[in-house]
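What follows is a single structure, written as structure tokens, with notes after it.
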Amino acid sequence: MSEDATPEPGTVYLVGSGPGDPELLTLKAKRLLEEADFVLHDKLPGPKIIELLPDDRRQDVGKRAHGNRTPQWEINERLVELSREGKRVVRLKGGDSFVFGRGGEEAAYLAEHGVPFEVVPAVTSAVAAPGVAGIPVTHRDHASSVSFVTGHEDPTKPESTVNWEALAETGGTIVVLMGVTRLPQYAEALIDGGLSPETPVALVERATWPGQQIATGTLETIVDVRDEVGIEPPAITVIGGVAGTRESVVDFLRNDYSQSGEGVSND
């Protein structure tokens with residue numbers, strides 16, 4: 001190829017990092033991070049994973065609620081730009097890219113602009129965070145269905161598309177991602193929709209990260225528990241009978257993560 005020739009577009013890999021512990025990366029995700037010419041990453045892959053990335057081959061394009069954020073259109077255009085330079089690009093997200101990770105939007109944009117891409121799935125934090133807290137999202141005695149809900153919808157929407165009343169009627173387990181700030185609103189909406197105020201609730205902050213915190217309560221008490229413990233984003237909310245099963249296993253639950261808020265309950 002001559003110096004003036006346009007390089008073949010490089011592949012973009014939409015990679016999920018799992019909940020944040022580097023040991024929970026898939027083998028393929030780890031290999032791609034090592035081989036990538038450049039990595040665009042969010043805040044949520046976890047500090048220990050981000051530390052693995054050389055400074056000269058990565059760019060932080062993360063978003064924070066009420067903080068600095070990189071517009072999605074800018075991320076989309078950067079992916080196309082790097083690909084057209086012939087680079088092998090990893091777009092790294094926390095959890096799984098296709099579970100409230102905007103991976104679908106990025107895939108559509110890449111396809112529209114003729115950029116080859118590959119999706120590399122990961123364990124979603126919606127399942128992993130409850131799991132490391134000792135909470136199964138399904139349980140034969142408590143829940144045969146799971147609803148995954150975002151607590152942080154697109155602010156440009158004219159109104160919420162989450163039907164909390166319908167979720168209350170459906171039963172099963174409700175897992176809310178990015179829902180710490182709006183916890184008072186949806187806890188009240190679920191009670192108004194028919195769920196008992198005594199329904200168990202667990203909050204899992206920074207699952208598998210240093211400083212992981214876990215707090216439990218009920219729909220009626222969980223907002224006070226959140227404030228007492230100091231639960232902050234990123235955190236997962238687990239609502240339903242499965243959240244109450246943690247109490248029976250917590251004394252024997254072991255993991256490598258710091259849990260300064262471990263076991264706080266306000267039942």
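Annotations
- Per residue, region 125-252 exposes an accessible area of 45 Å² to a 1.4 Å probe, with every protein chain left in place.
- Max mean-square fluctuation residue, GNM over the chain, Cα-Cα springs under 10 Å, options ILE231, ILE191, ILE239: ILE191
- FRET efficiency for HIS152 and GLU8, using Cβ-Cβ distance with R0 set to 35 Å, rounded to 0.05: 0.40
- For PHE38, the residues whose modelled amide H falls within less than 5 Å of its own, excluding neighbours fewer than 5 places apart on the same chain, are ARG88, VAL90.
- Computed on the chain, with alpha-carbon pairs under 8 angstrom and 6+ residues apart, the relative contact order is 19 percent.
- Helical runs (DSSP H, four residues minimum) scored at -39500 (n - 2.57) apiece and divided by the length of the chain put the mean residue ellipticity at 222 nm at -7000 deg cm²/dmol.
- Convex hull volume per residue, computed on the Cα atoms of the chain, equals 138 Å³.
- For the chain, built as a Gaussian network whose Cα springs stay under 10 Å, the top-fluctuating residue of ASN255, ASN163, ASN76: ASN255
- Surface composition of the chain: carbon and sulfur atoms hold 50% of the protein heavy-atom accessible area at a 1.4 Å probe.
- Heavy atoms of ARG206 accessible to a 1.4 Å probe, total area in Å² rounded to 10: 60 Å²
- Number of Lys-Lys pairs in region 12-120 with C-alpha atoms under 16 Å apart and a separation of 8 or more places or on different chains: 7.
- Shape category assigned to region 190-232 from the gyration tensor of Cα positions, a/c cut at 1.5: prolate
- Inter-part distance where region 1-63 and region 197-236 are each reduced to a Cα centre, Å: 31 Å
- Coarse-grained scattering of region 125-252 at q = 0.13, 0.15, 0.19 Å⁻¹, given as base-10 log I(q)/I(0) from a Debye sum over alpha-carbon atoms: -0.47, -0.63, -1.03
- Among LEU167, LEU14, LEU203, the largest mean-square fluctuation in a Gaussian network model of the chain, built with springs joining Cα atoms closer than 10 Å, belongs to LEU167.
- A 1.4 Å probe run over the protein chains yields, for region 12-120, 48 Å² of accessible area per residue, whole-number rounding.
- Heavy-atom accessible surface of LYS87, to the nearest 10 Å², is about 60 Å², with a 1.4 Å probe and all protein chains retained.
The values are calculated or read from the model by the stated rules, or taken from the named source; none is laboratory data. These numbers were taken from a predicted model, which means no experiment stands behind them. Every residue, glycine as well, gets a Cβ built from its backbone with ideal geometry; the counts of neighbours run over all protein chains shown. In case anyone asks, the SASA skips ligands and DNA or RNA and just uses the protein heavy atoms, side chains included. Shrake-Rupley method; radii C 1.70, N 1.55, O 1.52, S 1.80 Å.
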